[in-house]
Structure formats: C-alpha cells, structure tokens
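This report concerns only the one structure given below.
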Amino acid sequence: MNGKSSVWLDLESQSCLPSKLNSLFFISGIDQIAHLRNNFIVYNTLLAWRDVRKYLSISPTLSSWSLLTLNPDLPAEIRSIGLSEWSSKGMSNIMDILDSDSVKSFEQIKANFNISN
C-alpha cells in the first residue's frame, strides 16, 4: 500500500488536526498537546519515538520541520504572537521562515505568504 493513498494515514492525519502529522515527530513536549492524547495510536507512536530518541541520545533540539503553531517546545512568548494566523496562510513549519541558513526578513515572509502588517 502506498503511503500517499493510505486510508489509514488519511484518518490519522485528520484526527491530529490542527497539528500536522508529519511534524509531530519533532516535538519533545508531546504530552502538552491535549488533542493528541485522545488519539491512542498516534500518541503512543509518538511516545515510543520519544523513547527511541532518549535511548539513542538524539538531541531534542528544535527541528526545521517543527510546527510553528501548537508547539509546546517554543517559548510561550513566541507562541502568542499570532502564528496561528500565519499558519492559516500556509506557513506551518519553522522551515517556512528560513532562507537557506538564515531567517527570512518580515518583508519576504509577507510577500511569500500574503501576510498583513
């Protein structure tokens, strides 16, 4: 079965909304996302992945695939600056604000994602 046409994957992705399933593996504070605790399969898979990272001593550093919104790993000050509006414009991961090895200017972000001042 192809992952792109998997009914199961579609169901799990929908059950994680508004979080994106492919970004959840990069969050250390998975316990702090309340809507995921009701999804037995996804939640326990993420807990197992967290245990694997601990066992293999994989650093819990912030990944460019990490979510911009609903991300408990980001400081509260950053989470409260209107990132959910940006997410509604298509900017969902940290990688969306990066330009190679630096952060895009606000002007670039506004132009790329049609974000108002």
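No lab work stands behind these numbers, since they all come straight from the coordinates. Nothing here was measured: the structure is a model prediction, and the numbers come from that model. Cβ coordinates were reconstructed from backbone atoms using ideal geometry, including for glycine residues, and neighbour counts include every protein chain displayed.
Report, in deg cm²/dmol and to the nearest 500, the calculated mean residue ellipticity at 222 nm for the chain, where each DSSP H run with n ≥ 4 adds -39500 (n - 2.57) and the sum is divided by the residue count. Mind showing how you got there, number by number?
Values: 6 runs with 48 residues, N = 117.
Taking each H run of at least 4 residues, the total per residue is -11000 deg cm²/dmol.
Name the long-range amide H neighbours of LYS104: under 5 Å, sequence gap of 5 or more, or other chain; modelled H, no Pro or chain starts.
The answer is LEU98, ASP99.
Between LYS54 and LYS110, how high is the FRET efficiency from 1/(1 + (r/R0)^6) when r is the Cβ-Cβ distance and R₀ = 41 Å? Nearest 0.05.
About 0.55, to the nearest 0.05.
To one decimal place, what orientation-averaged projected area in nm² is obtained for the convex hull of the Cα set of the chain?
8.7 nm²
Roughly how many debye, to the nearest 20, is the charge dipole of the chain about its Cα centre, given +1 on each Lys and Arg Cβ, -1 on each Asp and Glu Cβ, and no other charges?
Using only the charged Cβ atoms, the result is roughly 180 debye.
Evaluate the distance, in nm, between pseudo-label points positioned 7 Å from the Cα of ASN117 and of ASP101 along their respective Cα→Cβ axes.
Distance between label points: 3.4 nm.
Taking 8 Å as the Cα distance limit and 6 or more residues as the minimum spacing, I'd like the relative contact order of segment 3-113 as a percentage.
Normalised by residue count, the contact order of segment 3-113 is 23 percent.
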